[in-house]
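Please read the structure below before turning to the comments.
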Number of protein chains: 4
Amino acid sequence: MEIQLWRSILCPYELAVKELTVKFEHMIEEYRENDRYSPIEQVSGRVKSVSSILEKMQRKHIPIEQMETEVEDLAGVRIICQFEEDIDTVAAIIRKRTDMEVKSEKNYLTHIKQSGYRSYHMILYYTVETIDGPKRLQVEIQIRTMAMNFWATIEHSLQYKYKGDMPPHVAERLSKASDAIISLDHEMSSVRNEIMDAQNSSQMQSNL
Amino acid sequence: MEIQLWRSILCPYELAVKELTVKFEHMIEEYRENDRYSPIEQVSGRVKSVSSILEKMQRKHIPIEQMETEVEDLAGVRIICQFEEDIDTVAAIIRKRTDMEVKSEKNYLTHIKQSGYRSYHMILYYTVETIDGPKRLQVEIQIRTMAMNFWATIEHSLQYKYKGDMPPHVAERLSKASDAIISLDHEMSSVRNEIMDAQNSSQMQSNL
Amino acid sequence: MEIQLWRSILCPYELAVKELTVKFEHMIEEYRENDRYSPIEQVSGRVKSVSSILEKMQRKHIPIEQMETEVEDLAGVRIICQFEEDIDTVAAIIRKRTDMEVKSEKNYLTHIKQSGYRSYHMILYYTVETIDGPKRLQVEIQIRTMAMNFWATIEHSLQYKYKGDMPPHVAERLSKASDAIISLDHEMSSVRNEIMDAQNSSQMQSNL
Amino acid sequence: MEIQLWRSILCPYELAVKELTVKFEHMIEEYRENDRYSPIEQVSGRVKSVSSILEKMQRKHIPIEQMETEVEDLAGVRIICQFEEDIDTVAAIIRKRTDMEVKSEKNYLTHIKQSGYRSYHMILYYTVETIDGPKRLQVEIQIRTMAMNFWATIEHSLQYKYKGDMPPHVAERLSKASDAIISLDHEMSSVRNEIMDAQNSSQMQSNL
């Protein structure tokens, strides 16, 4: 497939990522303007690179005609939360929205991957308006804490280096780091109520 | 009304402006990716400032409870086109979209304002998702050529200076400049077909 | 030359364009914050595309070792003014700055190109800090009014279409449009003093 | 002091923050383009809010005439690194640059604050060009890992809530979280060499 055709196929996914990034980033501001604690801390997004798409299609034996249905993460949005508890809140907010529809969810928090990977994944249907009319496409949302994100960034670099053949001593260190992150997230959760209180009291004050 | 309350009221309008700016700007890229001539050249947007809102409410005797319905340009998006003919194209595209609904249109091209002002205005209904659920609000879209925009910028500065009391010799100069712009836009329109052809042929070439 | 090497060579030029865009755009805000008329209306920038660089090197017989010295517009910044008189002001501001040095200037306002092209060009030396230390490079600055820019955009599209072989009837129309733009810019200049006054009086008021 | 005057004073600091953000963010891209490991992961910046400036001046008994010399963090830039070792690298890079000069440094990594706060701080002299000529001003740079930043964000919220009067049980939890973060950073450092190697080998490959 030529680069021109790829661009043309991925163009609506670019738009979906831009729109969703704007929408979730604005939520942070909206909570702040209303003096409420924001369950979202940071948002980022990307369209999958052509080389990553090809690699995934080959690995999973996906024929070209089924790319848009089978490669569910062509468009990806990552939402970073301060606390583990915020992840559920964000997922619940997404389920309620009228401008997107949940196709499926995967909970890698209760079902930690063998590598140590933890995150909450949702596949959404989302409609963008193209120059040829509306197009409904799929977007993957990853919701995680800063600490989980930190670990995932490191793990991704190492996976890339070893291409699926990580030496046991490296895998072990990663696993230990994952444990350190779980205990950090728990430690942090224990101060969460304090921070929520802080936000609520400042909100009440401003509403007097 | 306190500044905090203003911010909270205008917050969904900020979101509408951001979303619409992203959507219209992406259209430019989409035309380019598909090797087609884009009827949109530039997009900008703004939420009306509190002082301008207050001034308008006073001038038009709008009570505070009717602000959101009567002040139709709380959210404003400006679309700049290369050629006068593109203005109709853009208006037609907007009418067809499924994510916005046209409330009313005003054609200041066929009905030039006495000052010389020319533009195409549309009031749209547009729904944004807030933290309290979906909210349907009004947005004003102004569609004009670069030349019309140039004139409007100058006229706005002078109106601001003279606060509705412009001396005749200044008004006359503005009016002459408006004539120069009309003839420039016509001159430009006469080369538009050439440019459209250029785009179409390059598109055909890339589709071979 | 491989794409990787191109990227690595052009990387400091990307930085120069970003820094200069930030600097000139901030000037607009600075004038506004100080309630003064800004001679700059809009700023944009780009690094020349690899295909345009190759085309220019071939056309001008520039060997690869002399690319960075001979292709003076690898980095380009365009400054748009409201009025023709502002162009001189902007050029004078640039000459005075301590963070850039003027290599040469070309005045296509007094020496209009045969095509009708009008603009003020400056080639600057500008130093960016790279990961291997400071690097002094060249940047082209184009200064023009909105009307001149409008014409240049159209002319560029047509040149691209006809690849240097424009039919006489098109060239004639372009030339007429260029005349319309000159008379528009003059018409506009006649209201410039009014606008400058407006800004000055509002400044004085705020300084009382 | 009026809001207009504040804006005018802080305007050059806004510019400094914008320029430095562009410069440090571009370094990330430059490392990537050259297939090298980037010691910088993320950059953000801000100008201190007027209310925070006033609060600091009152707390530290700083007279208004000495604000610009004594409040060293009017402009602040935060640099986030993946690993603790990267902090030294970034500090060394800053010391070598020709476009900024180090005034002082504070190492809260070797001298952890009682609260548990860890970061590397530098005060720089940096010159921006204003419409009245060059102006040399101070900027504070904070360099920290993602984990340190995570902790600092939480601690800041709690300090704000308790206004310097944090209950012992909250302070204790924060301190435990700080320990968890130190051990996480150490765990991560143990895989750093693996990641550096990964980057170097991919770099060598692309240079063959």
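The values are calculated or read from the model by the stated rules, or taken from the named source; none is laboratory data. Please read all numbers here as calculations on a predicted model, not as lab measurements. Here Cβ is always computed from backbone atoms with ideal geometry, including for glycine, and neighbour counts include all displayed protein chains.
Against the numbered list (1) under 18 Å from B:T127 (Cα atoms); (2) surrounded by 15 or more Cβ atoms within 10 Å (Cβ to Cβ); (3) out of contact with any Lys or Arg (no Cβ under 6 Å at 6 or more places or on another chain); (4) away from chain A (no Cβ under 13 Å), B:T69 comes up short only at (2).
The set of residues in the range D:41-87 being touching a residue at least 24 places away in the same chain (Cβ under 8 Å), assigned to a loop (DSSP other than H, G, I, E, B) and more than 19 Å from D:S104 (Cβ to Cβ) consists of D:E41, D:Q82, D:F83.
In the range D:185-196, the residues that are facing chain A (nearest Cβ under 7 Å) reach residues that are of a type in the set (F, W, Y) and buried (at least 19 other Cβ atoms within 10 Å of the Cβ) with C-beta atoms within less than 8 angstrom, at least six apart or across chains, in these pairs: D:M188/A:F150; D:M188/D:F83; D:I195/D:Y37. Considering only residues in the range C:136-150 that are more than 14 Å from chain B (Cβ to nearest Cβ) and not polar (S, T, N, Q), the one that is nearest to B:M146 (Cα to Cα) turns out to be C:I143.
Residue check: is D:A152 within 28 Å of D:P12 (Cβ to Cβ) and surrounded by 17 or more Cβ atoms within 10 Å (Cβ to Cβ)? Full working, then the answer.
Numbers: within 28 Å of D:P12 (Cβ to Cβ): yes; surrounded by 17 or more Cβ atoms within 10 Å (Cβ to Cβ): yes.
For D:A152, the condition - within 28 Å of D:P12 (Cβ to Cβ) and surrounded by 17 or more Cβ atoms within 10 Å (Cβ to Cβ) - is met.
Within the range C:106-134, being within 17 Å of C:I154 (Cα to Cα) and of a type outside the set (S, T, N, Q) holds for C:I112, C:K113, C:G116, C:Y117, C:R118. Annotation note: Cβ proximity below 7 Å between a residue of the range B:3-15 that is surrounded by fewer than 14 Cβ atoms within 10 Å (Cβ to Cβ) and a residue that is among the polar types (S, T, N, Q) and assigned to a helix (DSSP H, G or I) (sequence gap 6+ or interchain) occurs for B:Q4/A:S206. Entry remark, the range A:118-175: residues being among the hydroxyl-bearing types (S, T, Y) and within 13 Å of the chain's Cα centre (by Cα) number 4 in total. Within the range A:29-47, the set of residues being of a type outside the set (D, E) and either crowded, with 18+ Cβ neighbours inside 10 Å or closer than 19 Å to D:Y160 by Cα (or both) comprises A:Y31, A:R32, A:N34, A:R36, A:Y37, A:S38, A:P39, A:I40, A:V43, A:G45, A:V47.
For every residue, the table says whether it meets (1) closer than 20 Å to A:T127 by Cα; (2) facing chain B (nearest Cβ under 10 Å); (3) touching a helix residue (DSSP H, G or I) at 6+ places or on another chain (Cβ under 7 Å).
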{"residue": "A:L15", "(1), (2), (3)": "yes, yes, yes"}
{"residue": "A:E25", "(1), (2), (3)": "yes, yes, no"}
{"residue": "A:S38", "(1), (2), (3)": "no, yes, yes"}
{"residue": "A:K56", "(1), (2), (3)": "no, no, no"}
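Taking the range C:96-135, which residues are within 14 Å of chain D (Cβ to nearest Cβ) and part of a loop (DSSP other than H, G, I, E, B)? Scanning the range C:96-135 gives C:R97, C:T98, C:D99, C:M100, C:I131, C:D132. Is it the case that some residue within the range B:155-167 is crowded, with 20+ Cβ neighbours inside 10 Å, over 30 Å from A:T98 (Cβ atoms) and of a type in the set (D, E)? Taking every residue of the range B:155-167 in turn, at least one turns out to be crowded, with 20+ Cβ neighbours inside 10 Å, over 30 Å from A:T98 (Cβ atoms) and of a type in the set (D, E).
Could you please find all residues in the range A:145-194 being outside any helix (DSSP H, G or I) and in contact with a strand residue (DSSP E or B) (Cβ under 6 Å, 6 or more places away or on another chain)?
As a first pass, look at the range A:145-194 and keep what is outside any helix (DSSP H, G or I): A:145, A:163-167.
A:T145, the sole residue that qualifies.
The listed residues are D:R46, D:R36, D:R32, and the only one of them that is in contact with a Ser or Thr (Cβ under 9 Å, 6 or more places away or on another chain), of a type outside the set (S, T, Y) and within 30 Å of D:F83 (Cβ to Cβ) turns out to be D:R32. Taking first residues from the range A:96-122 that are at pLDDT 95 or above and partners that are of a type in the set (D, E) and crowded, with 17+ Cβ neighbours inside 10 Å, the Cβ contacts under 7 Å between residues at least 6 apart in sequence or on separate chains come to A:R97/B:E129; A:T98/B:E129; A:D99/B:E129; A:H121/A:E140.
Just one of (1) among the β-branched types (V, I, T); (2) without any contact (Cβ under 8 Å) to a residue 12 or more places away in the chain; (3) facing chain D (nearest Cβ under 10 Å) fails for C:I93. It is (2). Test C:S8 against the criterion of being part of a helix (DSSP H, G or I), more than 10 Å from chain D (Cβ to nearest Cβ) and at pLDDT below 95, and give yes or no. No, not satisfied. When the range D:151-177 is limited to residues that are within 9 Å of another protein chain (Cβ to nearest Cβ) and among the hydroxyl-bearing types (S, T, Y), the one that is nearest to D:A91 (Cα to Cα) turns out to be D:T153. Taken over the range B:21-50, the criterion of being of a type in the set (V, I, T) and under 13 Å from B:I79 (Cβ atoms) is satisfied by B:T21, B:I28, B:I40, B:V43. Take the residues in the range A:32-56 that are at pLDDT 90 or above and basic (K, R); name whichever of them is farthest from A:T145 (Cα to Cα). Step by step, filter the range A:32-56, then rank; the result is A:K56. Of the conditions (1) more than 14 Å from chain A (Cβ to nearest Cβ); (2) within 30 Å of B:L54 (Cα to Cα), B:A75 fails just one. Which one is it? B:A75 satisfies all of (1) more than 14 Å from chain A (Cβ to nearest Cβ); (2) within 30 Å of B:L54 (Cα to Cα) except (1).
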